[in-house]
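Questions regarding the structure given below will be posed in turn.
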Amino acid sequence: MAKPDFSPEQLAVLVKAVQKHIDTEYDLKLGRFEAENLIAFMAGTIGALLYNRGLHDAQALLARQVESLGDAIYQMERPVGA
């Protein structure tokens, strides 16, 4: 998978979150470099899975909306006289 494309601001937020989590849960201090490497590893390892799940969820939502629209259009049909 391609390297994650985080903005510097996003990466800074992620680094702080990872550092805090690792410190709280494992009583370990990570530097910025270590935290960035962990983020890149996790993004590369599970990033595609999460991305694909998001696409699947969006596709399911779109299908429900299209079905609802189809129902609404059907309700607009007018009877045809004989």
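Read-outs throughout are calculated quantities, based only on the coordinates presented, and are distinct from any laboratory measurement. Remember, it's a predicted structure, so these values are computed and weren't measured experimentally. Every residue, glycine as well, gets a Cβ built from its backbone with ideal geometry; the counts of neighbours run over all protein chains shown.
Please report, in debye to the nearest 20, how large the charge dipole of the chain is about its Cα centre when each Lys and Arg carries +1 at its beta carbon and each Asp and Glu carries -1 there.
80
For the range 63-72, take each phi angle, set θ = phi - 60°, evaluate the Karplus expression 6.51 cos²θ - 1.76 cosθ + 1.60, and give the result in whole Hz per residue in order, putting x for glycine and proline.
Karplus-based 3J(HN,Hα) across the range 63-72 equals 4, 5, 5, 5, 4, 5, 5, x, 4, 5 Hz.
Then there's this: Express in % the proportion of alpha carbon pairs of the chain at distances exceeding 16 Å.
Numbers: 2263 of 3321 pairs.
In whole percent, the share of Cα-Cα pairs in the chain beyond 16 Å is 68.
Can you give the FRET efficiency for Ala48 and Tyr74, using 1/(1 + (r/R0)^6), R0 = 35 Å, r = Cβ-Cβ distance, to the nearest 0.05? Each step should come with its number before you reach the end.
Details: r = 39 Å, r/R0 = 1.10.
Efficiency, from the Cβ-Cβ distance: 0.35.
Which trypsin sites (Lys or Arg not before Pro) does the range 1-75 hold that lie in a coil by DSSP with at most 10 other beta carbons within 10 Å?
On the way: sites: Lys16, Lys20, Lys29, Arg32, Arg53, Arg64; in loops: Lys29.
Taking the range 1-75 and a limit of 10 other Cβ atoms within 10 Å, the loop trypsin sites (Lys or Arg not before Pro) found are Lys29.
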